[in-house]
1. Is it the case that the range 200-221 has a residue that's exposed (fewer than 15 other Cβ atoms within 10 Å of the Cβ) and hydroxyl-bearing (Ser, Thr, Tyr)?
2. Picking from Gly253, Gly249, Gly226, which residue would you name as being of a type in the set (Gly, Ala, Ser) and touching a residue at least 12 places away in the same chain (Cβ under 8 Å)?
3. Restricting to the range 87-109, name every residue that is open to solvent by less than 40 Å² (accessible area, probe 1.4 Å) and on the phi > 0 side of the Ramachandran plot.
4. Output the residues belonging to the range 150-175 that are of a type in the set (Ser, Thr, Tyr) and touching a helix residue (DSSP H, G or I) at 6+ places or on another chain (Cβ under 8 Å).
5. Out of the range 222-245, which residues are open to solvent by 50 Å² or more (accessible area, probe 1.4 Å) and within 22 Å of Asp13 (Cα to Cα)?
6. Of all the residues that make up the range 87-109, how many are farther than 22 Å from Ser8 by Cβ and assigned to a loop (DSSP other than H, G, I, E, B)?
7. I'd like to verify a number: residues in the range 137-169 that are in a loop (DSSP other than H, G, I, E, B) and either charged (D, E, K, R) or surrounded by fewer than 21 Cβ atoms within 10 Å (Cβ to Cβ) (or both), how many?
8. Taking the conditions exactly as written (β-branched (Val, Ile, Thr), touching a Leu at 6+ places or on another chain (Cβ under 6 Å), surrounded by 19 or more Cβ atoms within 10 Å (Cβ to Cβ) and within 23 Å of Gln242 (Cβ to Cβ)), does Val188 satisfy them or not?
Amino acid sequence: MQLKCFRSLWGVDLPLEQALPEFKARGYTGIEAAIVFTADFQQLHHLAQEQGLEIIAGVLTAFPATERTPEAHLQALKDQVALALPFQPVLFNVQGGCDSWTESEQDQFYSAALEFAATLNVPLAFETHRGQPTFTPWTTARILKKFPELRLTCDLSHWVNVCERLLDDQEENIRLAAEHALHIHSRVGYEEGPQVTDPAAPEFALHLSTHEKWWRWTWEAQQKRGQAFTTLTPEFGPPTYQHTLPVSGEPVGNLDQICDWMMKRQKEQFNLWSTSIEKSQ
């Protein structure tokens, strides 16, 4: 199995003509871009093709100002997919639905979304994210048991934040999520937030190692399913997601350096894991 690392365009201020060649040179396989925040997806696709970069297209069904009903979120999903589908993304990463829905409303949305997904030649992966039905391990587990064909983007930093702990009591539900995961957002969360200031800092060593354990579970599950490749985005975000100093608003840390550090580290971790698997066979 091959690891492909993507760079999120979230927080990237450089013109795409400059940013994409830099990402290619720094070792990324592709880019991840939210459809609703991309002014010209055709231009993005053209520039990515020039650099030999693949695209993961992000769907955010709550934008812009979507009514909080399953029908409205389903339509937002379809509309955003239609915008990006002609430009051959390798995956749609979907932040879809509302955390306040009843289980019946959740089921209505996922049932219809999966019917729609079955008509596409590009997979949909629903992200584990705050604000959506997948905001905890146990709500996600219920959905997966109801809809075993559902596929996930695992961003477990959100679960750490929501649950205010490193989820030592949730192994069964995390392994279930891993069995359904197509994509990983390799951001490290902590008990009071979805993004540590610096994943390389010694005070977050336990948080980093715990997240990496979960990512290995995902790789193991994907290999057992026979996936040819796995995708990963070190999705550390800009202010106000990123911590800032009071008054000045100066970011705490360099976002590019943090994302690059995580990308390089996970390539190393993946290679170590792959080598260990080969030796055990």
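1. The answer is yes, given that some residue of the range 200-221 is exposed (fewer than 15 other Cβ atoms within 10 Å of the Cβ) and hydroxyl-bearing (Ser, Thr, Tyr).
2. Values: Gly249 fails: touching a residue at least 12 places away in the same chain (Cβ under 8 Å); Gly226 fails: touching a residue at least 12 places away in the same chain (Cβ under 8 Å).
From the options Gly253, Gly249, Gly226, the qualifying one is Gly253.
3. Residue satisfying the conditions is Gly97 alone.
4. Ser157 - this is the single residue of the range 150-175 that is of a type in the set (Ser, Thr, Tyr) and touching a helix residue (DSSP H, G or I) at 6+ places or on another chain (Cβ under 8 Å).
5. Once the filter is applied, which keeps residues that are open to solvent by 50 Å² or more (accessible area, probe 1.4 Å) and within 22 Å of Asp13 (Cα to Cα), the range 222-245 yields Pro239, Thr240, Tyr241, His243, Thr244, Leu245.
6. 5
7. The qualifying residues number 12.
8. For Val188, the condition - β-branched (Val, Ile, Thr), touching a Leu at 6+ places or on another chain (Cβ under 6 Å), surrounded by 19 or more Cβ atoms within 10 Å (Cβ to Cβ) and within 23 Å of Gln242 (Cβ to Cβ) - is met.
The values are calculated or read from the model by the stated rules, or taken from the named source; none is laboratory data. Note that the structure is a prediction, hence the values are computed from the model and not measured. In this analysis, Cβ positions are derived from the backbone assuming ideal geometry, glycine residues included, and neighbour counts consider all displayed protein chains. Just so you know, the surface numbers come from the protein's heavy atoms only, side chains and all, with ligands and any DNA or RNA stripped out. Shrake-Rupley method; radii C 1.70, N 1.55, O 1.52, S 1.80 Å.
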